[in-house]
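One structure is given here, and the rest of the page talks about it.
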Amino acid sequence: MALPPLENRPCGGRYGDIVQAIGNTPLVELKRLSPKPGVRIWAKMESANPTGSVKDRVARAMVEDAEERGLIGPGQTILEPTSGNTGISLAMICARKGYDLEVVMPANVTPERTQLLEMYGARITYSPGDQGSNGAVAMAVRMADENPSRYHMPYQYGNQANPDAHYNGTAKEILDELDGEVAAFVAGLGTGGTLMGHARRFKEELGDAVKIVAAEPMQGEPVQGLRSLDDGFIPPIIDLSVLDRKIFVTNRDAVIWTRKLLAEEGVFAGVSSGAIARVAVRIAGEIDEGNVVFVICDDGWKYLSSGVYTKPVDEIADLESTLFW
């Protein structure tokens, strides 16, 4: 399979401010993880975005869409439920654009996420930790409904700007870099934006030649950033009909493969990326040739206090605690 020559672009471009620097992230081949000579595994390094996660794209798209449509009024506060990354991305963008931000977040998140939000000036309201991200969503929706004049809630779970950020950005970048040759794309089942945006773009351009695969946690498995649809909340932007497959992953998968990414490829990623990598390698083992692409959702800095990179796997893989929300 002939591909354009690899290009080294060390500068990464020149931008007028930090918000403009979102996107155009590296696509890196992970040769040690490929099970077959004819299959190439590529990681889209969304950890290279300004706050270290793919959610920079989504936050920018939602805020700019609201601005264009006149949805953010004078004196309003932007309100959003989050398990961390979207809130951090919104906090950076709101600080840059001059908006107040309040996030609703499970009380048992890692302290790095709280610290980053506070550093960017966001106000935090905590939802019950044992209810996870579903509890944060329910609380934020209630707050917005009770005081609509005070809050504008972009609501990443139901905002079309979320998948559009990937349709117009991430997916196009992947197609450009691989000259339109993508056999399979793997992403985690979270808000649904990454899966839906890529699926729409890839299916429009490649049809059935590309397979769209979701990595979904088994019910009750709290893999940070991912959700089980069996837990009772299906984000409105998700259309399951565009998926070719769903493959279940566990906390143990996430921990082991997060460490494999670091040890074998030097990729310092968050735990959801480990779960997604596990599925990408499985898909790569099922085809004879082609490019398998998956998304590195975020970097590992927000997870250091969890011990996910250093503690014995058996000590942390089965905990429903602060580690993975």
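Summary table below
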| quantity | calculated |
| --- | --- |
| Count of segment 62-88 residues which are within 16 Å of the chain's Cα centre (by Cα) and within 15 Å of MET153 (Cβ to Cβ) | 6 |
| Subset of segment 111-126 (residues that are farther than 15 Å from THR51 by Cβ and touching a residue at least 60 places away in the same chain (Cβ under 8 Å)) | PRO111 |
| Residue in segment 121-134 that is out of contact with any Lys or Arg (no Cβ under 7 Å at 6 or more places or on another chain), at pLDDT below 95 and within 17 Å of PRO154 (Cα to Cα) present | yes |
| Filter pass, GLY73 being surrounded by fewer than 24 Cβ atoms within 10 Å (Cβ to Cβ) and either on the phi > 0 side of the Ramachandran plot or at pLDDT 95 or above (or both) | no |
| Any pair with Cβ under 7 angstrom, 6 or more apart, that starts in segment 241-257 at a residue that is farther than 16 Å from ALA277 by Cβ and acidic (Asp, Glu) and ends at one that is part of a strand (DSSP E or B) and modelled with pLDDT of 95 or more | ASP244/LYS211; ASP244/ILE212; ASP244/VAL213 |
| Residues of segment 114-172 satisfying the condition of being surrounded by fewer than 16 Cβ atoms within 10 Å (Cβ to Cβ) and closer than 17 Å to MET92 by Cβ | GLN115, GLU118, MET119, GLY121, ARG123 |
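The values are calculated or read from the model by the stated rules, or taken from the named source; none is laboratory data. As the structure is a prediction and not an experimental result, all values here were calculated from the model. Note that we place each Cβ from the backbone using ideal geometry, even for glycine, and neighbour counts take in every protein chain shown.
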